[in-house]
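The values are calculated or read from the model by the stated rules, or taken from the named source; none is laboratory data. What you see is a predicted model, and the numbers here were worked out from it, not measured in a lab. Cβ atoms come from the backbone with ideal geometry, glycine included; neighbour counts cover every protein chain shown.
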């Protein structure tokens, strides 16, 4: 049974999510919180397998809670899925940097059970619309911060990753599962997992989402 904690300042949203999740046979809602402060407290008390996190809340927003529960230095980070009203805003980039593993829009609550399962299996799920906007923003933010250099000057990706690993990480950035990557690249699923594990070791990324963020900040251009 996958245990979940729902965090949203709107009681109606929490009730809707609980209703969707409790129709499944393998997911259990073990707690609810209305702000980021209570989310951190309950997550540390209840140890859920996955947290569903709103971003904009009073008395402690979702970004602070994500960093406290999944950020750098957290001994046992919990997978966090951001469940947001907004197709894109300035919070999304920061949520990924702080450790969130996936995003879904509140207008698509039917996808949430699949997202919970994917988060537990380290296969983050994102809304396609959100993913496309994030990819564009990652590249723009990297350029602004000087993390990308002039054309032909930045060799950080090719010096760290092999050609095959670049193919795998590009497929990850396109939102493909291990099975889909294996099909695209004519590889076995275990080989795909092996490549991802190697890349995590090489880059120091904590999960697939952080791995993609690392690559995009260094010049990766995912296919559209």
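Brief remarks follow.
- For segment 43-62, the set of residues classified as under 21 Å from the mean Cα position of the chain (by Cα), in a helix (DSSP H, G or I) and surrounded by fewer than 20 Cβ atoms within 10 Å (Cβ to Cβ) consists of 44 only.
- Flag if residue 61 is modelled with pLDDT of 85 or more and over 22 Å from residue 214 (Cβ atoms): no
- From the options 71, 102, 110, residue that is closer than 24 Å to residue 210 by Cβ and out of contact with any strand residue (DSSP E or B) (no Cβ under 8 Å at 6 or more places or on another chain): 71
- The criterion of being more than 12 Å from residue 8 (Cβ to Cβ), at pLDDT 85 or above, assigned by TED's automatic domain parsing to the domain that holds residue 12 and in a loop (DSSP other than H, G, I, E, B) does not hold for residue 107.
- Within segment 21-42, residues that are under 25 Å from residue 64 (Cα atoms) sit with their Cβ atoms under 6 Å from residues that are modelled with pLDDT of 95 or more and assigned to a loop (DSSP other than H, G, I, E, B), at 6+ positions apart or across chains, in these pairs: 30/48.
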